[in-house]
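Structure, as structure tokens:
The values are calculated or read from the model by the stated rules, or taken from the named source; none is laboratory data. Just so it is clear, the structure is predicted and the values come from calculations on it, not from any experiment. A quick note on method: Cβ atoms are made from the backbone with ideal geometry, for glycine too, and the neighbour counts reach across all protein chains shown.
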Amino acid sequence: MSGFSYEEICPNCGKEADAYTDHKPFSFTSISCLHCGLQIFPQVDYQTLEELNDSRIDYEMEPLKKLPKQSKDF
């Protein structure tokens, strides 16, 4: 196991919440508050070709003609 659990202050209610941080298969932190019910978990998703090209243009990169391989199998 590469991650660890700890107490975090809930950004919603200000009480103690459970947090978990890991770095495999990518860096992330999740939070779960038993006081107000807030849950923060990472979500893996990809941009559409149009969204990706809009972002690339913002960084002065050439637009792509097709999406590169997008896998959720990390």
For region 10-59, give me the residue count where each residue is hydroxyl-bearing (Ser, Thr, Tyr) and over 18 Å from the mean Cα position of the chain (by Cα).
1
Given the conditions (1) assigned to a loop (DSSP other than H, G, I, E, B); (2) out of contact with any Lys or Arg (no Cβ under 9 Å at 6 or more places or on another chain); (3) at pLDDT 95 or above, which single one is not true for residue 25?
(3)
Looking at (1) in contact (Cβ under 8 Å) with a residue 24 or more places away in the chain; (2) in contact with a Leu (Cβ under 6 Å, 6 or more places away or on another chain), which one does residue 49 not meet, given that it meets all the others?
(1)
